[in-house]
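Report on one structure; see the data block that follows.
FYI, it's all coordinate maths here, none of it is from the lab. Quick caveat, the model's predicted, so the values are computed rather than measured. Note that we place each Cβ from the backbone using ideal geometry, even for glycine, and neighbour counts take in every protein chain shown.
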Amino acid sequence: MTATNRSMPASQYHYSLEALHKRYGRFGGCFMPELLMAPIQELTTLFQESKKDASFLKELSDLLHNYAGRPTPLTEVTRFAHAINPVNPPRIFLKREDLLHTGAHKINNALGQCLLAKRMGKKRIIAETGAGQHGVATAAAAAHLGLQAVIYMGALDMKRQMSNVMRMRLMGATVVEVPHGSATLKDAVNEALRDWSASFSDSYYCLGSALGPHPYPEIVATFQAVIGEESKQQCQERFSKNPDLVIACVGGGSNAIGIFAPFLNDPDVALMGVEAGGHGKKLGEHAARFHHAKEGVLHGCYTYLLQNEHGQVAETSSLSAGLDYPAVGPAHAQLFFEKRASYVMASDHAALEALQLLAKTEGIIPALESSHALAHLIKIAPTLHSDQNILVNLSGRGDKDLPELIEKGLL
Ligand SMILES: *Cc1c(COP(=O)(O)O)cnc(C)c1O
């Protein structure tokens with residue numbers, strides 16, 4: 001235990017410990033090496049203060065408005081709706097996170113956490129990235145705020161996403177190649193945590209989705225809730241009530257929990273998450289965590305986790321790198337457990353078809369991740385009708401996916 005911890009007043013220490021082990025029902029918590037408990041506690045305390053601090057919130061909202069491009073529009077897609085249900089088309093509204101700076105919702109969280117880092121006096125930002133979207137968002141936020149970014153990325157992912165590696169480097173970030181394990185996201189997280197264990201006195205760990213040890217799931221959900229808050233107001237402006245259904249893709253779960261957040265206590269709103277069905281039903285061929293619903297701990301968090309019969313973390317597969325992760329955020333695990341939200345999957349093939357249909361009917365090329373949410377809408381289209389208003393989180397734009405799709409001969 002560090003000197004700072006020992007000198008804390010007993011009451012505050014007790015409070016912090018409680019906050020540290022916060023759970024979402026049976027899920028969540030903070031299962032971390034003792035070495036990291038001190039910086040996690042420091043972060044917990046600072047976050048609890050900052051989220052109530054008017055000057056912090058004002059600075060963040062200025063950045064989101066003037067740098068990232070918020071608020072994002074709500075676009076009704078009538079031609080897409082007619083294409084999927086010509087008889088009785090529902091009203092479908094897309095929340096356009098694809099129009100944000102760096103091309104996805106990830107910038108909301110990266111700006112929030114880099115601002116927290118600045119408040120803590122940490123000048124070095126550590127992050128992990130899979131496809132590179134969170135790395136690019138973190139590199140941009142760090143550059144804009146005058147911080148140094150170090151991004152860990154699996155060797156295989158670096159090869160697949162060279163243009164994102166270049167974007168990060170152009171923005172001044174150091175990209176560290178991780179050759180171990182499967183050389184993908186899970187290994188990059190391990191390496192980032194290893195760095196943080198040795199560097200937390202001057203470094204901040206910027207986690208990219210609503211998972212990991214507490215308080216990260218809460219921090220990321222708080223910074224992404226702006227998506228839902230704007231959407232809720234925009235729905236009132238457009239059709240004077242709540243949507244009947246809110247649908248979003250679920251990787252770690254940050255864009256989904258962000259758009260679900262303000263509707264959680266509105267029982268008239270159905271919430272639906274769509275995960276990666278990949279290319280087959282066998283373990284290793286998908287990233288459908290809810291479908292298997294086995295509980296376990298990964299990266300500090302108790303949640304649903306794809307694992308084999310020996311409890312070893314399973315390989316996953318998805319055409320969309322952003323959904324290709326074996327665990328899911330603890331808030332979603334609890335929403336599933338409580339049946340407040342439902343979780344379904346869409347296959348690689350269905351997502352690709354949805355991408356093409358939205359592009360053709362509306363002139364919007366969605367990210368492959370977001371296309372999973374659209375794919376499920378297409379699947380249930382015959383059950384939908386014209387009195388329904390559906391809100392879809394279009395979490396990012398698809399330009400990033402084109403090189404890989406072309407290389408695989410899929411376009
Ligand atoms: C990273 C990413 C996702 C998946 O992450 P969540 O934390 O589940 O939101 C979804 N869509 C896009 C465009 C992404 O870049």
For this session: Please report Lys51, Lys186 as a ranked list, fewest other C-beta atoms within 10 angstrom at the top and most at the bottom.
Result: Lys51, Lys186
For this session: Take every DSSP beta bridge whose two residues both sit in the range 101-220, then give the antiparallel share in percent to the nearest 5.
Result: 0
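With the cut-off at 18 Å, report for the range 204-311 the share of all Cα pairs above it, as a whole percent.
57
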Problem set entry | Residue of Phe336, Phe200, Phe239 that the Gaussian network model of the chain assigns the largest fluctuation, springs spanning Cα pairs under 10 Å | Phe239
Seminar exercise, completed: Under 5 Å from the placed amide H of Tyr343, counting only residues 5+ away or on other chains, we find Gly273
Exercise. So how compact is the chain: Cα radius of gyration and Dmax in angstrom?
Worked result: 20.2, 68
Seminar exercise, completed: In the chain the DSSP beta bridges are antiparallel at a rate, in percent to nearest 5, of 30
Seminar exercise, completed: Cα extents of the range 131-265 along the principal axes, largest first, in whole Å, come to 51, 32, 31
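Need the full-extension length gain, Gln48 to Thr78, defined as separation in residues times 0.36 nm minus the C-alpha distance. One decimal, nm.
Length gained between Gln48 and Thr78: 6.6 nm.
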For this session: Sort Cys235, Cys301 so that the residue with the fewest other Cβ atoms within 10 Å of its own Cβ comes first and the one with the most comes last.
Result: Cys235, Cys301
Exercise. What length, rounded to one decimal in nm, is gained on full extension from Asn66 through to His291, with 0.36 nm per residue of separation minus their alpha-carbon distance?
Worked result: 76.9 nm
Exercise. Tell me, what ³J(HN,Hα) does each residue in the range 373-388 have, in order and in whole Hz, if you take phi through Karplus 6.51 cos²θ - 1.76 cosθ + 1.60 with θ = phi - 60° and put x for Gly and Pro?
Worked result: 5, 5, 4, 5, 4, 4, 4, 8, 3, x, 8, 8, 9, 6, 7, 8
Seminar exercise, completed: Checked against a 30 Å limit on the C-alpha separation, the offending pairs among Lys118/Lys159; Lys241/Lys339; Lys51/Lys241; Lys186/Lys360; Lys360/Lys408 are Lys118/Lys159; Lys186/Lys360
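Please report, in cubic angstrom per residue, the volume enclosed by the convex hull of the alpha-carbon atoms of the range 40-89.
160
Among bridges DSSP assigns within the range 275-410, what percent are antiparallel (round to 5)?
Values: 8 of 11 bridges.
Of those bridges, close to 75 percent are antiparallel.
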For this session: Would you mind ranking Ser342, Ser254, Ser317, Ser370 so that the residue whose beta carbon has the fewest other beta carbons within 10 Å leads the list?
Result: Ser342, Ser317, Ser254, Ser370
Problem set entry | Summed residue charge, Cβ within 11 Å of Tyr302's Cβ, Lys/Arg positive, Asp/Glu negative | +1
For this session: Translational diffusion coefficient, Stokes-Einstein: compute it for the range 230-384 using the Kirkwood radius over C-alpha pairs as Rh, at 4 °C and 1.567 mPa s, and state it as an integer in µm² s⁻¹.
Result: 81
